[in-house]
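Below you'll find the structure, written out as structure tokens, and then a few comments.
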Amino acid sequence: MLNSLTLLMALPIIGSIVVALLPKTKETLAKQVALITTLIVAGATIAMAVNFQRDNVDLQFVEKYSWIPTFGINFAVGIDGLALVLILMSTVLAPIVVLAGWNEAHGGRWSVKVFYILILVLETMMIGVFAATDVFLFYVIFEAMLIPVYFLIGGYGTGQRSAAAVKFLIYSLFGGLLMLASIIGLYVMSGAQGGHTFDLQALSQLEMSSTTQNFLFLGFFIAFAIKAPLWPLHTWLPDAADSATPGTSVLLLGVLDKVGTFGMIRYCLTLFPDASKTFTPMILVLSVISIVYGAFLAIGQRDLKRLIAFTSISHFGFITMGIFAMTSQGQSGATLYMFNHGFSTAALFLVGGWMISRRGSSTIADFGGLQRVTPVMAWSFFLAGMSSLALPGMSSFVSEFLVLVGTFTRYPVHAVIATFGIVLAALYILIPVQKALHGPTTAGNENLSDLNLREKIAIAPVIAIIIALGFYPSPLLKVINPASAHVIAQMGFTDPAPTNGDK
Amino acid sequence: MEFTTPVLNYTLLSPILILLGAALITVLVEAFVSKALRPITQLSITLGALVLALVQVWRIRNEQSMTAAMGSVIIDGPAVLMQASILIISIISVFLIADTEHFTALAASLPGSDEERQAVQSGNQVTEVYPLTLFAVSGMLLFPISSDLITLFVALEMLSLPLYLMAGLSRRRRLASQESALKYFLLGAFSSAFFLFGAAFLYGYSASVTFAGIRDAVVGSGGNDVFLLIGISFLSVGLLFKVGAVPFHAWSPDVYQGSPTPVTAFMAAATKVAAFGAMLRIYYTSFANAQWSWTPMLTVIAIVTMVFGSLVAIAQRDVKRMLAYSSIAHAGFLLTGVIALNKAGLEASIFYLFAYGIATVGGFAIVTLVRDAAGEVTDLNRWKGLGKRSPWVATAFAGFLLSFAGIPLTSGFIGKFSIFSAAYESGAKSVVIAGVLSSAIAAFFYIRVIVLMFFTDPVEDGTSVEIPSALTSLSVIFAMIVTIALGVFPAPVLNLISDLATFIR
């Protein structure tokens, strides 16, 4: 019973219905229900991960129900190592977000209840989007999940929240509609070649001319490049991250943007292997630009939230580069990177959010000497920062290293330029760390309170995961490696140099 | 000269006959029933007739006949589906029309005259809107089943003339309403003339006014192709005017804005179904083999219509005008179904028409609820903060807008997906790309309204949301349920459509 993806998707929805039925005044109860629901979902996902057969590259936990037979659409779900890792990340992050942002919903336009309903509905979609094996189902969830995020940013954010929400929505819808055109193309072609279907496996067998493949690939890729934000389609992200609550930002950057990079592997590479090869040089250049550009802009930021957003653009550049390096190490590194980035960004946003809400300002210059006043908070931020700059011993180091090694074997120049991103990362993290945490305590910071018990409980697992996976990433890599190798083999690539990927 | 007695199949024609009979009765009711009982009597008869007609349509759903009225009408699957859609849309529109608050007490009186004041003071509300509605609906039922150009023209006038009058019945801003009625009438009369001109050329081409005769001539390609081209072009002008495609759209924003909102809802939703029904039939049967002479023209019109509608809608500040331009854009999307010229295109168009029609009535039903002391408030700036004032009304409106925008899990998405895939399948990729891009543009202004309602603080200017009457609520709730149900679980309806949707020739 625990091994049903459909059930896993249903759990948060059930939780949201419970929350919806609560009276408006019972705010704490709504929060508790949301927390318990997300904890149960996280537990169920971990149980599922335990039962996952690591060496089996086929889809597991497959379920399929007819949905719209007229168009050959099924409600079909199933996961491989890649999807499992991302679902695990999403469902583990969800209770942390709920617990960390316990009071986030209070400044919103609507009641606290609505906030948690949106979060829970979003969680269902986060699981569904990674689990879907029917392209139509994927698209439906891909688009539908914009709506709760839109209301989360626009309803509970700060500053120019409605403008940011609209910008986010319009960008995403535009990309989504391009993808819809490509999906229609696939659907029509499948009809000509043995019956209308949206089954991912069947669609990957389609015969198509290289021109068609290129166009359809672009439809998908642009949608994903907007999501994952790749330069020059990234401009919505800093605004959205700036306006959203820290919890929403974690879900947005940590999980939703991963749908983009996940989609590149699952849909772009699988469905259009030849077009992927054609566009690889261009995409690698864009990735390298993202890495360097994101890093430079992060260095220039005065606002903490925008800084974290730009670091993410740089990191997404690494992930995209790893994916399109077309080596199994690059693939594994990129997948691991997605997981790690989820947690290191979560740590940065959550601790950053606490700092901002205590100080009442998100300008870095307003902080100073926090290490003396609020040691736990300061150390948490420090560790989160170290993870973001990929310090050895932190989980992101492993993934960044794998990506760079995987890229270097095939595209040395790109890898070398990208390495500068690491140097820049040290700058963009160490500057705010120095300004905010060290030095004399500046005026206005003397009376800040340190993390309370709830916040400590929320941040502890994140930091634990970051450090644990830094030293011992192999449980995850054992799940990821077979899936990555499978993708690369399907593309018809072999790794250029002998590798020794398992550490 | 020998005279053949016409043979009519009354069962197959019964939906139309029921409505015409009821229309005549409601005229008598207007004359003889006391004014206290009049509204409720009219409403009961109208709804009763519409429901009865719907039941009748359902009972003949598997019938096929070319001879129901001496070869003037065709009863087949698509006909039944179109008629059923029109009737369902009409029923929920009549729920809105039942609110007499929207209609002038005495349409014959001059705006601002003593006569008008007297009528208002004595509470003497005339109810001519009911017979007009019934006449219009019977014309709409006839339009998509006509199988010769004469019947088609009669049906066109039968549905148009009552609508011209209904557009002028508004209680508030009567001058604007009458202006819109006159505009609608004049432009409609022009387009009818074009239609007749085209019909004459088609007769010249094929020596026949029946669809089957024209089809035979096209297949045999015996006639003068210039006549055929002129005929198709001018006939199309008449039909494109009715669906509000660019460049024949100019009437729609003014008429949508000036008409009483329940009439706008009815007109926007039901007329589209009827007009596209007729258009699909004539293009899919008579002109199918002359595909190459009209697809390029229609492709250009479709692309221009969707792009223009979406772009101009962005600049609108009035909710009814915005919905008018959005309906122009949707006319463009629907034209892709005509261009597709395959069974998938026909099925998709029928689904789209039904889904769009229902959501349109729902959307306008919401518009009737937002009022101040002087009547409806259609200025979008005054819709600010509606989500705070009345969350459910705003949520429902947002739902309809999302369906118009084609967001997944709403009926609009399934409609858009099916119609674009049908067009892609037929090779009309340019239309699909234009459609997708203009959907992106269109999404922008739908979302802007959602932002206004939910993310902007309300202004205190007397705008309030009326507590909906039972019938209005019913219509909104029904429209909402259909919009969501067709988005989440469209399989039963799609199956029904795919079983029935084949034109007989």
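Every read-out reported here was derived from the displayed coordinates using simple, explicitly stated rules and does not represent laboratory data. What you are looking at is a predicted structure, and each value in this text was computed from that prediction instead of being measured. We place every Cβ from the backbone using ideal geometry, glycine too, and count neighbours over all the protein chains shown.
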* Structure fact -> In order over the range A:301-318: 3J(HN,Hα) from phi, Karplus 6.51/-1.76/1.60, θ = phi - 60°, whole Hz, x for each Gly or Pro, gives 6, 9, 9, 5, 5, 5, 4, 5, 4, 6, 4, 5, 4, 4, 5, 5, x, 4
* Where N is the number of residues in the range B:354-403, Cα Rg divided by 2.2 N^0.38 Å -> 1.15
* Vicinal HN-Hα couplings computed from phi for the range B:264-270 (Karplus, 6.51 cos²θ - 1.76 cosθ + 1.60; Hz; Gly/Pro x) -> 4, 4, 4, 5, 4, 7, 6
* If you line up the Cα atoms of chain A on their principal axes, what length do they span on each, largest first, in Å? -> 70, 56, 41
* To do: With a cut-off of at most 10 other beta carbons within 10 Å, and DSSP calling the residue loop, which chymotrypsin sites (Phe, Trp or Tyr not before Pro) in the range B:148-217 qualify? Please list them.
  => none
* Calculate, in nm to one decimal, what A:A460 and A:I17 gain on full extension: separation in residues at 0.36 nm each, minus their alpha carbon distance. => 156.5 nm
* **Net lengthening on full extension, A:E207/A:Q193 (0.36 nm per residue, minus Cα-Cα)** => 4.2 nm
* For B:D372 and A:T6, what does the FRET efficiency come to when R0 = 45 Å and r is the distance between their Cβ atoms, rounded to the nearest 0.05? -> 0.40
* Asked: For labels at B:R389 and B:A288 in the simple 7 Å Cα→Cβ model, what's the distance in nm?
  -> 5.2 nm
* Exposure proxy check: A:R306, B:R61 ranked by fewest other beta carbons within 10 Å? -> B:R61, A:R306
* Length added when fully stretched, B:W58-B:A36, from 0.36 nm per residue minus Cα-Cα -> 4.4 nm
* Can you sort A:D199, A:D80 by how many other beta carbons sit within 10 Å, fewest first? -> A:D199, A:D80
* What percent antiparallel are the DSSP beta bridges of the protein assembly as shown, to the nearest 5? -> 95 percent
* Relative contact order of chain A, pairs being alpha-carbon contacts under 8 Å that are 6 or more residues apart, as % -> 15 percent
* Between B:D372 and residues 5 or more places away or on another chain, which pairs have amide H atoms under 5 Å apart, with H built 1.01 Å from N, and which residues are they? -> B:V377, B:S464
* Would you please classify the overall shape of chain B from the alpha carbon gyration tensor, given that a ≥ b ≥ c denote the square roots of the eigenvalues, rounded means a/c under 1.5, and beyond that prolate means a/b larger than b/c while oblate covers the rest? => oblate
* Separation in nanometres of the label points that stand 7 Å from Cα toward Cβ, at A:L29 and A:I417 -> 5.9 nm
* Normalised per residue, the volume of the convex hull around the Cα set of the protein assembly as shown (Å³) -> 167 Å³
* Asked: Near the amide H of A:W67, under 5 Å away, which other amide H atoms are found, from residues 5 or more places off or on another chain, if H is placed in the peptide plane?
  -> A:I73, A:N74, A:F75
* Sequence-separation-based contact order of chain B, relative, with Cα cut under 8 Å and 6+ spacing, percent -> 15 percent
* **Inverse of mean 1/r across different Cα pairs in the range A:273-495, Kirkwood, Å** => 17.9 Å
* In nm, spacing of pseudo-spin labels at B:R505 and A:T235 (7 Å Cα→C-beta vector) -> 5.3 nm
* Asked: What's the lysine pair count for the range B:10-500 at a Cα cut-off below 17 Å, pairs eight or more apart or interchain?
  -> 8
* Structure fact -> A correct fewest-to-most ranking of A:I488, A:I467, A:I323 by other Cβ atoms within 10 Å would be A:I467, A:I488, A:I323
* Structure fact -> Expected vector for the range B:101-115, Karplus 3J(HN,Hα) from phi with 6.51, -1.76, 1.60 and θ = phi - 60°, integer Hz, x for Gly and Pro, equals 3, 7, 10, 5, 5, 9, 5, 6, 7, 6, x, x, 7, 4, 3
* **Residues listed by number, the range A:339-359, amide nitrogen under 19 Å from A:E446 label point at 7 Å toward C-beta** => A:358-359
* Asked: For the range A:273-495, what is the relative contact order in percent, using Cα pairs closer than 8 Å and at least 6 residues apart in sequence?
  -> 29 percent
* Asked: What whole number of Å gives the distance from the Cα centroid of the range B:321-361 to the Cα centroid of the range B:412-454?
  -> 11 Å
* Structure fact -> Under 5 Å from the placed amide H of A:Q60, counting only residues 5+ away or on other chains, we find A:I79, A:D80
* If r is the Cβ-Cβ distance from B:S430 to B:L229 and R0 is 25 Å, what FRET efficiency results, to the nearest 0.05? -> 0.70
